[in-house]
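Have a look at the structure below before the remarks.
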Amino acid sequence: MATKTYLKQVVHHCPVCGQHMEVEVHEFRTFGGDIHKTKSEPTCTNPKCSSHNN
């Protein structure tokens, strides 16, 4: 099974600081050949944002 993990910007903006948000995407292929993707909760791309302290 091949696994790929990457960050992807989402349309939503952070409600705290207004910066872009991103999700971590885990993409993997099953033995049957199907591709499945799971996504994390959106996080703010601004490292100084107070939303990271939650």
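Listed values, structure above:
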| quantity | calculated |
| --- | --- |
| Low-density loop cleavage sites - trypsin sites (Lys or Arg not before Pro) in the chain, where at most 14 other Cβ are within 10 Å (DSSP) | K48 |
| Under the Karplus curve 6.51 cos²θ - 1.76 cosθ + 1.60, θ = phi - 60°, whole-Hz ³J(HN,Hα) for the range 24-36, x wherever Gly or Pro sits | 8, 10, 10, 10, 9, 10, 7, 5, x, x, 6, 9, 10 |
| Extension gain from E41 to R29, taking 0.36 nm per residue of separation minus the Cα-Cα distance | 2.2 nm |
| The chain, relative contact order [Cα under 8 Å, separation at least 6], % | 33 |
| Mean accessible surface per residue for the chain, computed with a 1.4 Å probe while every protein chain stays in place, in Å² | 80 |
| Additional length obtainable on full extension of the chain from T3 to C49, 0.36 nm per residue less Cα span | 13.5 nm |
| With every protein chain in place, the chain: carbon and sulfur % of accessible area (1.4 Å) | 52 |
| Fraction of alpha-carbon pairs over 14 Å apart in the chain - percent | 57 |
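The values are calculated or read from the model by the stated rules, or taken from the named source; none is laboratory data. Just so it is clear, the model here is predicted, and its values are computed rather than measured. Cβ: placed from backbone, ideal geometry, glycine included. Neighbour counts: every protein chain shown. SASA here: full protein model, heavy atoms, side chains in, ligands and nucleic acids out. Shrake-Rupley method; radii C 1.70, N 1.55, O 1.52, S 1.80 Å.
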